[in-house]
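Structure, as structure tokens:
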Amino acid sequence: MSTSLKSNKNDESADQEEVVTIGVLALQGAFEEHQDRLERFRGVNTILVRTPAELSNIDGIVLPGGESTAMGLIGSHDGTWDALKTFINGSPHDNKSNTSGKPTWGTCAGMVLLSDRCVGTSAVIENGQSLIGGVDILVCRNYFGSQISSFELGTPCPPPEGRQTSTEEGGNSDYPGVFIRAPAILNAGPDVTVLGKVLATPCRQAAVVLRELERKIDAGEKVVNMGVVDALVRENGAGDNEGEGRKMYVDVSSDSAL
């Protein structure tokens, strides 16, 4: 995006600035909240995207939080999903210079959709979770538990320019991170810039999924999409507080693995 986003949209100088048009995927989820926030910035117009045709009028797109499975089901019926893949990832069959992917932001469920690999997908959906892909990450849906296990905790902001960590003197203060039935990025490829890390015990259901994932990897399988499978089975004598576990945030400079 070539134009910086500045607040106070009614500033008179806005008429002299380049205006970008950002689409917000509006199939399901918190699209109105994302549109409202974007509309507060000077130099930004927004469009709610529900059809493939609306992608031709935007410079970038935001995939909001919500229910990633529902978004995939809705978008797969009219060609929207395939159009999103081309818009975000570019066309692999066209050598024109303008076919590279457009700027994209994914929040929570949107991040799940942008992942190249996903585990913990719905066990009742045929062919598993519909992914758009484009980001070399492995995601686990509902890693932190169900809705009642949601929590809020201060998380370190990315380090300021020129600093190695966010905790150095003069660094940014913590940002209130909100985890509502949240997914987790388990692994990121070498071309992905990690801004912050979290060490956390998965909920019981996610732990079963991860054990199955580990078994498949040990067996030499390449896992792109894996459903819940046995995750609904509860071990006898397990704790009653599903989703409760150790939650600790570490600076981006930590060598600890995700």
*Selection count where residues are of a type in the set (Phe, Trp, Tyr) and within 13 Å of the chain's Cα centre (by Cα), scope the range 169-211*: 1
_Residues within the range 186-202 that are assigned to a strand (DSSP E or B) and closer than 9 Å to Tyr143 by Cβ, tallied_ = 2
_Candidates Val62, Val20 - the one that is in contact with a helix residue (DSSP H, G or I) (Cβ under 8 Å, 6 or more places away or on another chain) and crowded, with 16+ Cβ neighbours inside 10 Å_ = Val62
*Would you pick out the residues in the range 85-106 that are at pLDDT 85 or above and either in contact with a Leu (Cβ under 7 Å, 6 or more places away or on another chain) or open to solvent by 50 Å² or more (accessible area, probe 1.4 Å) (or both)?*
Lys85, Thr86, Phe87, Asn89, Lys102, Pro103, Thr104, Trp105, Gly106
*Quick one: how many residues across the range 15-34 are of a type outside the set (Asp, Glu), in contact with a strand residue (DSSP E or B) (Cβ under 9 Å, 6 or more places away or on another chain) and farther than 19 Å from Gly110 by Cβ?*
1
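The values are calculated or read from the model by the stated rules, or taken from the named source; none is laboratory data. This is a predicted model, so every value here is computed, not measured. When we count neighbours, we look across all protein chains shown, and the Cβ atoms used for this are built from the backbone with ideal geometry, even at glycine. Accessible surface areas use protein heavy atoms only, side chains included; no ligands, DNA or RNA. Shrake-Rupley method; radii C 1.70, N 1.55, O 1.52, S 1.80 Å.
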